[in-house]
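The values are calculated or read from the model by the stated rules, or taken from the named source; none is laboratory data. Here the structure is a predicted model, which means the values were calculated and not measured. Here the Cβ positions follow ideal geometry from the backbone for every residue, glycine too, while neighbour counts run over all protein chains shown.
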Amino acid sequence: MLPHIPEEHAITMGEGNTPLYHLQRCGRATGVEKLYAKHQGMNPTASFKDTGMTFAASSAHQGGFRWVACASTGNTSASMAAYAARGGMHSLVLIPEGKISWGKLSQALDYGALTCQLRTDFDGCVRILNELVRRKPVCLLNSVNPYRIEGQKTAAIELMEQLGWEAPEHIIVPGGNLGNSSAIGKALMEMQELKLISRLPRLSIIQAEGANPFYRSVKEFGGAKIEPVTAETQATAIRIGNPASWKKALRALRATAGEVEQVSEVEIAEAKAEIGADGIGCEPASAVTLAGLKKLRSRGFVKPSEMVVLILTGHLLKDPDFTIKFHRGDLFTGTTQERQAVHAKPLQRAPVVLDADLGAVVGALDAAERNS
Ligand code: F0G
């Protein structure tokens, strides 16, 4: 099911074989007892990108490229920079200035990428990159690179293996540039063709309300076209207005009879804290899956007895700024969501600053016990 890469060109860091967690608290809260998370943030550079990048970087190495390049909201660039460094290649990263998390930016720098912060958004970075590859001999490693999609199929294949080749009823993924939904959909169809699984899970795709071109394409235009939007969301990984792989994702959605949903900024922040409270954690873009599940449950698309697997795409530590602002109650200050954000208060756990005094700590402990 995967492309062949000769041993001498393989660049690998032990990606894949990520854990599948039972989300007990989130399951109780959503009324879906069999709720699981496949955590792709547990890969070497802490996001799902690594499973595709091992193939794409290896193929660039096989092609004799000195330079690899990508436009990114942060995770692709972190992953590409690492795999390029391991393979002795140079990497060029184009990212939107001021709109990626520090965790991801710091990875690209440490792995030695030439990191260009362009004064534009992700979609603007893609435009420049597409022109650049026509001028310079650099290998494009965005998810339009077919090796990326092939490698990212492994999340779905591993998942079925972990479940003893019994497909769950639902798989839920975040949708940004839509490479991941395309890859998972392709893997599911191939596994059914090979009779590794007997039926297809429904693959549902969730977008942030402020970055919802695919949701609108399906709901408003019946998938006939896509209208690019100016994307805005604090889940910066999916701040994408013109997704490259929307047609492939639409095919996956249709073939598996999945659904699309959109979720608000406050719903994303709440869902992220809920996944955190289950001891798992993820980055904001990954949490759209749980927020979307709540909507799919209330519409009756997901039934209480069904098994649901959320694909968590990035690690909690990718974007600590978001998490700290949320728990301190600052995330929505001065935004249009400020009023709606009061609903999230019970989930907030701001740090307590105390004197170095035993009595003060005992007092805090007792107060927490009374409130628990
Ligand atoms: N979740 C995370 C954490 C991401 O980084 C991305 C995309 C997505 C979800 C959406 O996946 O694009 O395949 O639909 N990040 C890309 C990047 C765009 O540049 O890192 P998608």
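Might you check whether a residue that is touching a Phe, Trp or Tyr at 6+ places or on another chain (Cβ under 7 Å) and over 30 Å from residue 222 (Cα atoms) occurs anywhere in segment 255-275?
yes
Does residue 205 satisfy being modelled with pLDDT of 95 or more, assigned to a helix (DSSP H, G or I), within 15 Å of the ligand (Cβ to nearest atom) and buried (at least 24 other Cβ atoms within 10 Å of the Cβ)?
Spelling it out, it is not the case that residue 205 is modelled with pLDDT of 95 or more, assigned to a helix (DSSP H, G or I), within 15 Å of the ligand (Cβ to nearest atom) and buried (at least 24 other Cβ atoms within 10 Å of the Cβ).
In segment 272-290, how many residues are assigned to a helix (DSSP H, G or I), under 17 Å from the mean Cα position of the chain (by Cα) and either surrounded by fewer than 24 Cβ atoms within 10 Å (Cβ to Cβ) or more than 16 Å from the ligand (Cβ to nearest atom) (or both)?
3
Determine which member of the set 244, 224, 231, 269 is of a type in the set (A, V, I, L, M, F, W, C) and outside any loop (DSSP other than H, G, I, E, B).
Matching residue, one of 244, 224, 231, 269: 269.
Could you figure out which of (1) within 16 Å of residue 15 (Cβ to Cβ); (2) out of contact with any Lys or Arg (no Cβ under 8 Å at 6 or more places or on another chain); (3) within 14 Å of the ligand (Cβ to nearest atom) isn't true of residue 91?
Condition (1) is where residue 91 drops out.
Looking at segment 303-330, which of its residues are assigned to a helix (DSSP H, G or I) and either more than 16 Å from the ligand (Cβ to nearest atom) or of a type in the set (Ser, Thr, Tyr) (or both)?
Residues satisfying the conditions are 323, 324, 325, 326, 327, 328.
Within segment 331-343, can you find the residues that are of a type outside the set (A, V, I, L, M), touching a residue at least 60 places away in the same chain (Cβ under 8 Å) and outside any helix (DSSP H, G or I)?
If the condition is that a residue be of a type outside the set (A, V, I, L, M), touching a residue at least 60 places away in the same chain (Cβ under 8 Å) and outside any helix (DSSP H, G or I), then 332, 335, 337 are the ones that fit.
Taking segment 251-268, which residues are within 13 Å of the ligand (Cβ to nearest atom) and closer than 14 Å to residue 178 by Cα?
Selection gives 252, 253, 260.
If only one of 225, 318 is of a type in the set (Lys, Arg) and in contact (Cβ under 8 Å) with a residue 40 or more places away in the chain, which one is it?
After ruling out the rest, the residue left standing is 318.
Give the residues of segment 24-81 that are under 20 Å from residue 159 (Cα atoms), of a type in the set (Gly, Ala, Ser) and within 14 Å of the ligand (Cβ to nearest atom), sorted by residue number.
37, 41, 46, 47, 52
Please specify each residue of segment 157-193 satisfying the condition of being under 24 Å from residue 271 (Cβ atoms), assigned to a helix (DSSP H, G or I) and of a type in the set (Asp, Glu).
Matches in segment 157-193: 158 only.
Which of the residues spanning segment 67-98 are crowded, with 24+ Cβ neighbours inside 10 Å and of a type in the set (A, V, I, L, M, F, W, C)?
68, 69, 70, 71, 78, 80, 81, 82, 84, 93, 94, 95
Working carefully through the options 45, 12, find the one that is touching a Ser or Thr at 6+ places or on another chain (Cβ under 6 Å), over 19 Å from residue 284 (Cβ atoms), part of a loop (DSSP other than H, G, I, E, B) and touching a residue at least 40 places away in the same chain (Cβ under 8 Å).
Testing whether each residue is touching a Ser or Thr at 6+ places or on another chain (Cβ under 6 Å), over 19 Å from residue 284 (Cβ atoms), part of a loop (DSSP other than H, G, I, E, B) and touching a residue at least 40 places away in the same chain (Cβ under 8 Å) leaves just 12.
Conditions first: (1) more than 26 Å from residue 310 (Cβ to Cβ); (2) assigned to a loop (DSSP other than H, G, I, E, B). Residue 108 passes all but one, so which condition is the exception?
(2)
Select from segment 116-153 the residues that are among the polar types (S, T, N, Q) and more than 13 Å from the ligand (Cβ to nearest atom) and write down the one among them that is farthest from the chain's Cα centre (by Cα).
Among those that are among the polar types (S, T, N, Q) and more than 13 Å from the ligand (Cβ to nearest atom), it is 130.
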